[in-house]
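The values are calculated or read from the model by the stated rules, or taken from the named source; none is laboratory data. Not measured: the values here are computed from a predicted model. Don't worry about glycine lacking a Cβ; one is built from the backbone with ideal geometry, like all the others, and counts go over all protein chains shown. We work out accessible area using only protein heavy atoms, side chains counted, and drop any ligands, DNA or RNA first. Shrake-Rupley method; radii C 1.70, N 1.55, O 1.52, S 1.80 Å.
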Amino acid sequence: MDETHELRAWLTALRTPGLGPGGLRERLDATDGDIDAVLRNLHRHRTALGEEARAWLDAPDEARLAADIAWLAEPDHHLLRCTDVDFPPQLENIPQPPAALFVAGNPGLALLPQVAIVGARSASAAGMAHASAFARALAQAGFAITSGMADGIDGAAHTAALDAGGSTLAVIGTGADRVYPRKHHALARRIAAQGALISEYPLGTGARADHFPRRNRIIAGLSLGTLVVEAGLRSGSLITARLAGEQGREVFALPGSIHNPLARGCHRLIRDGARLVETAAEIIETLTPAARMLGGELAARLGSAGVAASEGDTTSAASDDPAYRDLCGALGHDPATLDELVQRTGQTASALSSMLLMLELQGRVETLPGNRYQQLPG
């Protein structure tokens, strides 16, 4: 299928009113990921759709679709589809897995072992300092820091990870071309340049109260564990923690003063079975086995999908595969961005992201700040 045709089909389906990410994913699963078949079925069973959906499918807004395609054509803008080999496998078994993710930044970061750090928007100075310290230590240990780019704890965690030269992902409740809250425009630019902004919502989608609890399932789903730093009893962070627990992920909580209302949510989590932690080292020790397992699963997944050889040793496969030799030659001795590698190799950004991850797992490439890649000697 022509790539432009397929992309337009995906964007048409993602924008169908009333369908929603969960509804689209169910239809994709029923058609083995054939997006054209999904659209044909929607037309065939149009009487079951709402009036808005029928009107959209009969006459999609071509200007809107053209704007979507133009945005995706810009550097470091991507649409990760659930049918892509480098779609995050961590999201496959969560409730209502997303059908696709819009990404501004480096999509390969979604495959890294991640720790979610969440908490109160109106956090205390001590809470902000704790979030920064934990994010810095975890980033330096090799974990990507994932949060929701909200005010307070989220923003502190993202900033500390970036300042430490680590990776951070912001899962947002708006379109990937929007920033909420407005005060985080500068932070959003830093994350897009050095990490990844991720959204399941179509471009142009504004902030809505019901979007943020839904995006929390993706924050929890991407992460091996969720750390709650400060949270009141009605905090949205408790939703993220609950979802993480339901998804079989680790939940960590920081204890606080019995006189601090922002510690009560954390204390409830601890009473309900969350791990009480006082240092980042405790989280690292708990999650390191799961991170190694994720790395092995990703290597096997990417290899079996043809990114490396379908059988046998993936290290030698990467050495023998002409595509890998071309990539290593294109990397040269100086750091290069993903877009530069696309131009040098003629490979798609999706394929290169998968290959670069494989090389990183093998210790042959490292990711540098600014979404650049450096070939390591050896």
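The table below gives the values:
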| item | result |
| --- | --- |
| Cα-centred dipole magnitude for the range 1-138, charges only on beta-carbon of K, R (+1) and D, E (-1), debye, nearest 20 | 580 |
| Cα gyration tensor shape of the chain, rounded if a/c is under 1.5, else prolate or oblate by comparing a/b with b/c | oblate |
| In sequence order, calculated HN-Hα J values of the range 136-147 (Karplus, 6.51, -1.76, 1.60; Hz; x Gly/Pro) | 4, 5, 5, 5, 5, 7, x, 8, 7, 9, 10, 7 |
| Residues with amide H under 5 Å from that of Thr337, placed H, sequence gap 5 or more | Tyr373 |
| Centre separation in Å (Cα based) which lies between the range 325-378 and the range 155-178 | 22 |
| Which of His77, Ala131, Ala161, positive extreme of dipole for the chain (C-beta unit charges) | Ala131 |
| Contour excess over end-to-end distance, with Cα ends at Thr83 and Arg46 and 0.36 nm allotted per residue | 10.9 nm |
| Under 15 Å, Cβ to Cβ, from Arg40 - net charge with Lys/Arg +1 and Asp/Glu -1 | 0 |
| Potential extension, Ala67-Ala209 segment - 0.36 nm per residue separation minus Cα distance | 48.6 nm |
| Residue-normalised accessible area of the chain, expressed per residue, 1.4 Å probe, Å² | 43 |
| Distance from the range 203-237 to the range 1-37 (C-alpha centre basis), Å | 25 |
| Efficiency of FRET from Cβ geometry, Ala129 and Thr288, R₀ 25 Å, rounded to 0.05 | 0.50 |
| Structure-based [θ]222 nm, the chain - -39500 (n - 2.57) summed over DSSP H runs of at least 4, per residue, nearest 500 | -15000 deg cm²/dmol |
| Listed residue (Ile258, Leu187, Gly232) projecting farthest to the positive dipole end of the range 182-268, Cβ model | Leu187 |
| Most to least packed among 331-342, 174-185, 114-125 [average Cβ atoms within 10 Å] | 114-125, 174-185, 331-342 |
| 5 angstrom amide H check on Val251, placed H, neighbours 5+ away | Thr226, Arg275 |
